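The values are calculated or read from the model by the stated rules, or taken from the named source; none is laboratory data. Please read these numbers as outputs of a predicted model, since none were measured by experiment. Neighbour counts are summed over all protein chains in view; Cβ atoms, including those assigned to glycine, are modelled from backbone coordinates with ideal geometry.
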Amino acid sequence: MTLVERDRARLWHPYTQMQSAPPPVPIVRAEGVYLYTEDGRRILDGISSWWVNIHGHSHPTLTRALADQAQRLEHVMFAGCTHAPAVELAEHLVRVLPAGLTRVFYSDNGSTAVEVAVKLAWQYWANQGRHQRNVFVGLERAYHGDTVGAMSVSADSVFTRAFTPLMFPVRRVSDPYCFRCPMGLTRARCAIDCLGGLEAELQRHGESVAAVIVEPMLQGAGGMIVWPSEFLAGVRRVCDQYGTLLIADEVLTGFGRTGRMFACEHAGVSPDIICLSKALTGGCLPLAATVVTDAVFEAFLSADHSRTFFHGHSYTANPLACAVALASLQLFQETPVLEEVHRIEQQLAAGLERLREPPIVGDVRHIGAVAAVELTGPDGVRRPDGYLDQIGPRLAAAFLERGLLLRPLGNVLYFMPPYVISASEVEWVLSQISEVLRELGEPRGG
Ligand code: PLP
């Protein structure tokens with residue numbers, strides 16, 4: 001039996017429709033921006049292996065850090081014990097994070113980083129006897145993960161719908177989706193009017209709001225929606241005005257993806273709680289951190305057990321993952337990582353313009369090392385199925401045939417490479433996208 005046949009007999013992959021899924025791609029090795037298959041194909045990883053990889057696959061600095069750490073201490077529980085990789089990583093994170101974020105709580109993945117943030121925000125108010133602050137506000141098209149708390153703060157979508165009765169209610173307000181402006185405006189004629197939804201919500205119910213949660217500057221799974229930075233600045237301003245906490249979910253945007261180390265920097269704001277994962281380890285191992293301000297941390301300082309944050313995972317602060325994360329952060333110091341992101345951003349800005357041409361292209365947008373093309377139906381109308389739009393799998397198959405791994409979000413095709421991708425590789429990807437979109441616009445069989 002081949003690897004794929006054995007996989008099919010025993011495994012269950014995320015987000016895979018059982019009856020119609022294409023066979024998984026059997027990967028045996030990866031290096032730089034390339035994945036190598038069992039049958040000898042080379043595939044460019046155009047989505048950084050689900051948005052985690054930044055320095056390229058099998059980066060020697062990261063694999064060396066992993067091997068070195070594995071020789072000393074592979075794991076120890078983090079309740080009551082500590083170790084240098086966890087401490088040094090926390091110190092380094094606090095140095096590079098937006099000002100005021102000082103206390104690091106480790107977990108394992110993006111969803112748990114959010115789960116921790118939500119529970120911390122809730123208990124922060126409860127610990128102060130302010131139990132009425134017990135509601136969360138989230139944005140339209142938000143995606144914060146697949147655990148129940150993270151699903152609850154996420155917007156209603158194909159990812160959450162089957163579980164609606166399990167989830168707690170969250171107030172939902174407009175996101176700044178400029179291509180489909182909720183106010184019917186264009187960016188040239190708007191004064192970030194879409195912030196009015198959040199403002200009105202906090203004006204009316206602010207006293208009951210524990211926290212507002214956002215994916216700053218780039219809403220990923222909701223359709224690669226790129227924000228005007230003024231919206232983010234406005235979110236911070238109104239959260240301050242109505243005294244609520246701001247949670248920035250930078251699980252996707254952290255570590256340079258949007259052109260700044262953290263997306264909050266685009267608006268010069270600091271959240272009260274930030275969620276980090278994905279590229280925290282450079283894309284090598286699972287690890288997450290939820291980092292909070294002194295003020296949040298101090299609400300848990302008490303001799304009273306009921307104020308304790310009773311949350312911990314077996315692999316919290318795993319030394320291997322912490323050592324690799326530290327090595328990844330050191331690469332930011334020692335090599336021009338953010339300059340590479342700027343180089344990619346400039347190339348995408350220029351290259352994307354030519355992707356506007358096919359009539360099925362409604363919008364192109366980019367930020368940092370992320371580019372997105374939103375496909376529309378006839379006359380620019382929204383295609384009906386969003387994430388479930390079958391154009392997504394069709395496109396993915398066409399790109400895979402050309403040696404390019406892309407995984408469209410339904411009608412939103414995006415490209416999010418590791419930062420080590422070369423200029424000629426970016427150019428190659430853009431021409432593949434251009435050709436496939438042109439073919440798609442041609443009549444079938446033509
Ligand atoms: N938050 C954001 C913004 C994400 O994009 C994701 C995953 O894509 C998550 C949270 C959940 O992360 P994970 O898949 O590691 O649980």
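Some observations on this one:
- From the options Ala162, Ala200, Ala150, residue that is crowded, with 23+ Cβ neighbours inside 10 Å, assigned to a helix (DSSP H, G or I) and outside the structural domain of Arg383 (by TED's automatic domain parsing): Ala150
- Any pair with Cβ under 6 angstrom, 6 or more apart, that starts in the range 215-240 at a residue that is among the charged types (D, E, K, R) and ends at one that is within 12 Å of the ligand (Cβ to nearest atom): Glu215/Asp249
- Residues being closer than 18 Å to Ile225 by Cα, in contact (Cβ under 8 Å) with a residue 60 or more places away in the chain and either within 13 Å of the ligand (Cβ to nearest atom) or crowded, with 21+ Cβ neighbours inside 10 Å (or both) - total across the range 261-281: 2
- For the range 282-296, the count of residues that are touching a Cys at 6+ places or on another chain (Cβ under 6 Å), away from the ligand (no atom under 11 Å from the Cβ), closer than 10 Å to Ala113 by Cα and among the β-branched types (Val, Ile, Thr) is nonzero.
- Residue match in the range 40-63 (condition: more than 26 Å from the chain's Cα centre (by Cα), under 27 Å from His313 (Cβ atoms) and modelled with pLDDT of 95 or more): no
- The residues listed here are Tyr387, Tyr414; of these, the one that is outside any loop (DSSP other than H, G, I, E, B), at pLDDT below 95 and closer than 30 Å to His266 by Cα is Tyr387.
- Verdict on Asp108 being assigned by TED's automatic domain parsing to the domain that holds Val251, surrounded by 14 or more Cβ atoms within 10 Å (Cβ to Cβ) and of a type in the set (Asp, Glu): yes
- Restricted to the range 139-182, and to residues there that are under 17 Å from the mean Cα position of the chain (by Cα) and among the acidic types (Asp, Glu), the residue that is nearest to the ligand (Cβ to nearest atom) is Asp146.
- Cβ-Cβ under 9 Å pairs, at least 6 apart or on other chains, the range 109-128 side assigned to a helix (DSSP H, G or I) and at pLDDT 95 or above, far side among the basic types (Lys, Arg) and more than 10 Å from the ligand (Cβ to nearest atom): Ala121/Arg133; Trp122/Arg133; Gln123/Arg307; Tyr124/Arg130; Tyr124/Arg133; Trp125/Arg133; Ala126/Arg133; Ala126/Arg307
- Search result, residues across the range 89-105 that are surrounded by 16 or more Cβ atoms within 10 Å (Cβ to Cβ) and closer than 15 Å to Leu280 by Cβ: Leu89, Ala90, His92, Leu93, Leu97, Leu101, Val104, Phe105
- Test: Val135 is modelled with pLDDT under 95 and over 17 Å from the mean Cα position of the chain (by Cα): no
- The residue that is nearest to Trp125 (Cα to Cα), counting only those in the range 183-206 that are touching a residue at least 40 places away in the same chain (Cβ under 8 Å) and within 24 Å of the chain's Cα centre (by Cα), is Leu198.
- Counting only residues that are of a type in the set (Ser, Thr, Tyr) and more than 10 Å from the ligand (Cβ to nearest atom), the range 108-138 holds 1 of them.
- Val116 closer than 25 Å to Ile421 by Cα, of a type outside the set (Lys, Arg) and assigned by TED's automatic domain parsing to the domain that holds Gln219: no
- Ala84 within 16 Å of the ligand (Cβ to nearest atom), out of contact with any His (no Cβ under 9 Å at 6 or more places or on another chain) and modelled with pLDDT of 95 or more: no
- Test: residue in the range 170-180 that is without any contact (Cβ under 8 Å) to a residue 40 or more places away in the chain, surrounded by 15 or more Cβ atoms within 10 Å (Cβ to Cβ) and farther than 19 Å from His205 by Cβ: no
- Qualifying residue in the range 427-444 (condition: assigned by TED's automatic domain parsing to the domain that holds Glu31, touching a residue at least 12 places away in the same chain (Cβ under 8 Å), of a type in the set (S, T, N, Q) and in a helix (DSSP H, G or I)): yes
- Number of the exception - Ala210 against (1) more than 30 Å from Gly282 (Cβ to Cβ); (2) part of a helix (DSSP H, G or I); (3) in contact with a strand residue (DSSP E or B) (Cβ under 9 Å, 6 or more places away or on another chain): (2)
- Per-region count, the range 47-87, residues within 27 Å of Glu31 (Cα to Cα) and part of a loop (DSSP other than H, G, I, E, B): 11
- Residue in the range 71-81 that is among the aromatic types (Phe, Trp, Tyr) and within 22 Å of the chain's Cα centre (by Cα) present: no
- Residue check, Arg103 assigned by TED's automatic domain parsing to the domain that holds Gly220, out of contact with any strand residue (DSSP E or B) (no Cβ under 8 Å at 6 or more places or on another chain), closer than 30 Å to Phe310 by Cα and basic (Lys, Arg): no
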